[in-house]
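Enquirer: Pasting a structure below so you can have a look.
The values are calculated or read from the model by the stated rules, or taken from the named source; none is laboratory data. These numbers come from a predicted model, not from an experiment. Quick reminder, even Gly has a Cβ in these numbers, built from the backbone with ideal geometry, and neighbours come from all protein chains shown.
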Amino acid sequence: MALQGNLQQIALNSMNDMTGIVASLLARAKAANAEDKVLLIPAGGEQKENEEMTVIDFLSQQVQIAVDSLKSAYPNNKNGLDAVKRFLDEIEAEAPWLKDFKDDDCYAKRPCAVNQDSQDTISRLVKLVNGYWGEPKFFDGDLRAYEKVLFSDIEPSQEQLDYALAHRAAYREAIGRAIKWKVQNDGSTIMIRQIAQATKNSKEKIFAKTSPDGKTYDPRSWAAAYWRIAHQAETGDAGLAFMIFGDEIVTELKNIPEKETQTLVVYGVDKIGIPQVQKKWTGQEIQVRGIIDEYNGKTYFKLQAYNQKTLEWINLGNISDKYQPYFLPGQSKRMKIYSISTNAQGKTKRAALFNKDMSQEEIDKCLIFDLSATTK
């Protein structure tokens with residue numbers, strides 16, 4: 001008898017049934033190099049008699065049965081799976097990453113747990129990734145500053161903003177319930193996935209909403225409304241906008257003109273820059289990135305420099321208005337930096353940055369003829 005429900009329901013349920021159980025046993029056996037051990041597999045499912053098999057042969061058979069359950073309810077040999085589990089427990093065969101991947105701290109605050117002696121493919125990949133991992137440095141700024149980064153040419157109606165706000169509140173409440181359910185049900189994420197899928201499927205319903213005069217809205221205006229609401233939240237909910245309007249956001253990003261940043265000018269270095277970067281620059285190569293920040297109710301497009309000693313991003317200065325179209329928030333690149341004006345104490349007030357591949361002749365020409373009288 002085939003499994004009941006539509007394909008989406010079956011697929012979601014299968015993530016938490018025998019497919020996951022067998023895959024987990026396979027991972028543990030491989031991590032312990034025990035896949036070639038021969039066990040007496042008791043009868044169960046369609047297997048009518050006890051039979052000696054290697055762990056890998058039996059589990060490969062069982063994972064195929066589990067995968068085929070999408071179209072057939074052919075039963076797994078649960079007795080045999082229990083026997084394999086007991087064997088793996090006895091030899092203390094563990095793949096720590098299996099459980100650790102579900103931990104919120106994994107790769108957010110620390111590397112993933114892994115047995116350093118394991119040579120299975122996943123353990124080796126985890127060890128490789130761990131070798132490159134570094135604790136992420138998140139910019140702690142006001143999300144409102146990013147409201148107009150995308151869809152800036154559209155002003156959604158108040159009705160659309162209200163609808164998006166109500167949807168955000170409902171989504172938060174539903175996800176909150178799903179997270180509590182996950183904690184109470186051994187880390188099962190099935191409810192979270194169901195909510196995520198329902199949220200993704202809500203786009204057509206959103207597009208069908210009409211204005212007070214009965215007309216449908218431009219689809220991009222809905223993406224703009226959800227983007228605005230996402231960045232008005234005090235805590236992160238941008239996932240809602242990406243979940244529903246991922247295609248529209250990608251299209252918007254692709255439509256941003258790609259202009260290679262050849263030159264940037266920053267001002268206010270002596271005002272907002274960290275003291276150790278307020279020096280005289282003469283062409284040093286540094287890593288920079290653009291950020292949006294708000295100060296005293298006004299939004300600024302700042303440039304930060306990466307400090308190799310402290311491994312932190314530090315404020316460098318505000319990007320001059322003329323050069324802002326050639327750099328994006330979040331963009332990072334290596335550039336050569338030159339001081340172009342100083343204050344009475346000899347500290348840099350304004351600095352020019354150049355593409356690291358520009359020739360010295362081009363840089364000198366720009367410094368002499370184009371930037372010698374540059375102001376904010």
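Residues checked against (1) of a type in the set (S, T, N, Q); (2) buried (at least 19 other Cβ atoms within 10 Å of the Cβ); (3) within 32 Å of the chain's Cα centre (by Cα); (4) modelled with pLDDT under 85:
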position: LYS254; (1), (2), (3), (4): no, no, yes, yes
position: THR282; (1), (2), (3), (4): yes, no, no, no
position: GLY290; (1), (2), (3), (4): no, yes, yes, no
position: THR299; (1), (2), (3), (4): yes, no, yes, yes
position: GLY317; (1), (2), (3), (4): no, yes, yes, no
position: ARG334; (1), (2), (3), (4): no, no, yes, no
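Enquirer: Here is a further query. So TYR226 clears everything in (1) of a type outside the set (Asp, Glu); (2) modelled with pLDDT of 90 or more; (3) more than 22 Å from the chain's Cα centre (by Cα) except one condition, right? Which one?
Expert: (3)
Enquirer: With respect to CYS106, is the statement that it is closer than 21 Å to ALA31 by Cα, touching a helix residue (DSSP H, G or I) at 6+ places or on another chain (Cβ under 6 Å), at pLDDT 85 or above and surrounded by 18 or more Cβ atoms within 10 Å (Cβ to Cβ) true? Before you say what the answer is, go through the steps one by one.
Expert: Numbers: closer than 21 Å to ALA31 by Cα: yes; touching a helix residue (DSSP H, G or I) at 6+ places or on another chain (Cβ under 6 Å): yes; at pLDDT 85 or above: yes; surrounded by 18 or more Cβ atoms within 10 Å (Cβ to Cβ): no.
When the stated conditions are applied, CYS106 does not pass them.
Enquirer: In the stretch 23-78, what residues are polar (S, T, N, Q), over 33 Å from the mean Cα position of the chain (by Cα), more than 30 Å from GLN119 (Cβ to Cβ) and surrounded by 15 or more Cβ atoms within 10 Å (Cβ to Cβ)?
Expert: GLN47
Enquirer: Here is a check on your reading of the model: is PHE207 modelled with pLDDT of 90 or more, of a type in the set (A, V, I, L, M, F, W, C) and closer than 19 Å to ILE154 by Cα?
Expert: Values: modelled with pLDDT of 90 or more: yes; of a type in the set (A, V, I, L, M, F, W, C): yes; closer than 19 Å to ILE154 by Cα: yes.
For PHE207, the condition - modelled with pLDDT of 90 or more, of a type in the set (A, V, I, L, M, F, W, C) and closer than 19 Å to ILE154 by Cα - is met.
Enquirer: From the set of residues in the stretch 180-229 that are β-branched (Val, Ile, Thr) and under 19 Å from LEU150 (Cβ atoms), which is surrounded by the most Cβ atoms within 10 Å (Cβ to Cβ)? Working first, answer last.
Expert: The initial filter retains those residues of the stretch 180-229 that are β-branched (Val, Ile, Thr), namely 183, 189-190, 192, 195, 199, 206, 210, 216, 229.
Keeping just the survivors that are under 19 Å from LEU150 (Cβ atoms) gives 206, 229.
On the way: ILE206: 19, ILE229: 25.
Filtering first and then ranking leaves ILE229.
Enquirer: Taking helices (runs of 4 or more DSSP H) that do not extend beyond the stretch 116-227, which have at least 1 residues that are small (Gly, Ala, Ser) and under 30 Å from ARG28 (Cβ atoms)?
Expert: Here the list reads 121-132, 158-184, 190-200.
Enquirer: Same structure, new question: Can you name every residue in the stretch 279-305 that is among the charged types (D, E, K, R) and touching a residue at least 12 places away in the same chain (Cβ under 8 Å)? Talk me through it step by step, then tell me what you get.
Expert: Here is the first cut: in the stretch 279-305, the ones among the charged types (D, E, K, R) are 279-280, 285, 289, 293-294, 298, 302.
Answer for the stretch 279-305, where residues must be among the charged types (D, E, K, R) and touching a residue at least 12 places away in the same chain (Cβ under 8 Å): LYS279, LYS280, GLU285, ARG289, ASP293, GLU294, LYS302.
Enquirer: With respect to GLU94, is the statement that it is touching a residue at least 40 places away in the same chain (Cβ under 8 Å), assigned to a loop (DSSP other than H, G, I, E, B) and farther than 26 Å from ILE291 by Cβ true? If you could, list the steps in order and put the result at the bottom.
Expert: Values: touching a residue at least 40 places away in the same chain (Cβ under 8 Å): yes; assigned to a loop (DSSP other than H, G, I, E, B): yes; farther than 26 Å from ILE291 by Cβ: yes.
It is true that GLU94 is touching a residue at least 40 places away in the same chain (Cβ under 8 Å), assigned to a loop (DSSP other than H, G, I, E, B) and farther than 26 Å from ILE291 by Cβ.
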